[in-house]
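Submitted below is the structure of interest, expressed as structure tokens.
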Amino acid sequence: MSSSTEVKRAPFKGDHVGSFLRPERLKEARAQWAKGEITAQELKKIEDEEIFKLVEKQKNAGLKAVTDGDFRRSWWHFDFLEGLDGVEGYDTEQGLQFDGVETKARGIIVTGKVGFTDHYMIEHFRFLNQIAGDAVAKLTIPSPNMLLFRAKIDEDVYENQQDLVRDLITAYQGFIERIYQEGCRYLQLDDTSWATFFSEEGRASIEEKGQNPDEVAELCARVVNESIAKRPEDMTVTMHICRGNFQSTFMTSGSYEAVSQTIFGGLDVDGLFLEFDDERSGGFEPLRHVNRPDLSIVLGLITSKFGELEDPDHVKNRILEASDFVPVSQLCLSPQCGFASTEEGNKITEDEQWEKIRHVVRIADEVWQEA
């Protein structure tokens, strides 16, 4: 396990969001398990072996933080949320709609009081932490906002949102306390809910539910801040804000501007992983609302959706542009998203994936050695 001093440097100058393409061997094993052809223990053995190889590849690529790549998950968010008390998964009539493609049909429903007593992903992190060696074991989980935005709520359980929010915050506080006890010092909250506020269409969808978008945004910030408020001082918590990532497509577009003051000036996280890989994300101007010298801004300038490598000089110039709003010492570099937010993965090869990671590390080494 790495030192607390090393973790305090997270997010690192060359970092990553977390998920990786599932190897064919793992995909086959999960399919066999779903059909009842192998046992859960046999699947776990293969998962363990593939995660061990993944960790070594991450370290060899120059990353200082390693994840398990979501290798034990089907979804980046549903799998975790289903592990909370009172939350169940169920088969929906249709999947989530992305740009020209739809996910498999799946959803979550709150059927009881939301809480935390135990969670199966604690064991997943324990294994990662044991094999991380001199790297920092990073755990990625969905933001609590994802339950508010994605779950169907049984009205017999919660008559009002206020009670649900209270229980949800308490559940996350409990999980964070427990995962810290297991040795987690680098936690990332993944959150696509913010993208709803980026476009007129998204804000209109909130208004159609009889809600005020600005008030909902403030609620999202409060839920995050209160969920992480009791974290120990030596635990780094970051947030990844995404516009959707499924088979190299996206769900929404728009600049951070509409909620920039809330995101950059109102969240108590230690770092923000942000998409800036194409014009859908807008410019760097919203970063002017960063009002803390200890907030790291991780620029997602390297796309994880396609294999072609970005011109390193262009990436360096964009980092320079961002430094007009945030000191370069507070900036970091990463891919704009994971490579496989769901088990299907993006339309990119494993070789291209690792070249992307090495590209991030090389450029980061050059930029911040020169800075």
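The values are calculated or read from the model by the stated rules, or taken from the named source; none is laboratory data. Just so you know, these numbers come straight off a predicted model, no measurement behind them. When we count neighbours, we look across all protein chains shown, and the Cβ atoms used for this are built from the backbone with ideal geometry, even at glycine. Accessible surface areas use protein heavy atoms only, side chains included; no ligands, DNA or RNA. Shrake-Rupley method; radii C 1.70, N 1.55, O 1.52, S 1.80 Å.
Can you quote the Å³ per residue value for the convex hull of the Cα atoms in the chain, rounded to an integer? Write out the running numbers ahead of the final one.
Working: hull volume 49.1 nm³, N = 371.
It comes to 132 Å³ per residue, whole-number rounded.
What do you get for GluC sites (Glu not before Pro) in the stretch 262-371 restricted to DSSP loop and a cutoff of at most 13 other Cβ within 10 Å of the site's Cβ?
308
Okay, moving on. Using R₀ = 30 Å, calculate the FRET efficiency as 1/(1 + (r/R₀)^6) where r is the Cβ-Cβ separation of residue 313 and residue 285; round to 0.05. Could the numbers behind the result be given before it?
Details: r = 22 Å, r/R0 = 0.75.
Efficiency, rounded to the nearest 0.05: 0.85.
Using a simple spin-label model with points 7 Å from Cα along the Cα→Cβ vector, what separation in nm is obtained for residue 347 and residue 230?
Label-label distance for residue 347 and residue 230, simple model: 4.7 nm.
Can you pull the Rg over Rh of the stretch 21-85, Cα-only, Kirkwood? Before the final figure, lay out the partial values.
Working: Rg = 13.1 Å, Rh = 12.9 Å.
Reported Rg/Rh, Kirkwood definition of Rh: 1.01.
When the chain is fully extended, how far beyond the present Cα-Cα distance does residue 166 get from residue 123, taking 0.36 nm per residue of separation?
Numbers: separation 43, 0.36 × 43 = 15.48 nm, distance 2.63 nm.
Here the answer is 12.9 nm.
Between residue 131 and residue 155, take the C-beta separation as r, use R0 = 51 Å, and let me know the FRET efficiency to the nearest 0.05. Intermediate values should be presented prior to the final figure.
Values: r = 44 Å, r/R0 = 0.87.
Calculated value: 0.70.
Dipole of the stretch 89-242, Cα-centred, from +1 at each Lys and Arg C-beta and -1 at each Asp and Glu C-beta, to the nearest 20 debye?
Values: 15 positive and 27 negative charges, 117 e Å.
That gives the stretch 89-242 a dipole magnitude of about 560 debye.
At a Förster distance of 51 Å, what's the computed FRET efficiency of residue 369 paired with residue 45, Cβ-Cβ distance as r, to 0.05?
Numbers: r = 42 Å, r/R0 = 0.82.
Once rounded, the FRET efficiency stands at 0.75.
Another question, if that's okay. Once fully extended, how much extra length lies between residue 180 and residue 218, figured as 0.36 nm per residue of separation less the alpha-carbon to alpha-carbon distance? Walk me through the numbers on the way to the answer.
On the way: separation 38, 0.36 × 38 = 13.68 nm, distance 2.71 nm.
My answer for the length gained is 11.0 nm.
Continuing with the same structure: Which order, highest average first, do 59-67, 178-186, 206-214 follow once you tally other Cβ atoms within 10 Å for each residue and take the mean per peptide?
The densest-packed peptide leads the list: 59-67, 178-186, 206-214.
I would also like to ask the following. Among 132, 29, 151, whose Cα lies farthest out toward the positive end of the dipole of the chain, if unit charges sit on the beta carbon of Lys, Arg (+1) and Asp, Glu (-1)?
Farthest along the dipole direction, towards plus: 132.
While we're looking at this one, here's another question. Leaving ligands, DNA and RNA out of it, work out the accessible area of residue 362 with a 1.4 Å probe and give it in Å² to the nearest 10.
100
Return the ratio Rg/(2.2 N^0.38 Å) for the stretch 302-371, where Rg is computed over Cα atoms only. Before the final figure, lay out each step's value.
Details: Rg = 13.1 Å, N = 70, 2.2 N^0.38 = 11.1 Å.
After normalising by residue count via 2.2 N^0.38 Å, the value is 1.19.
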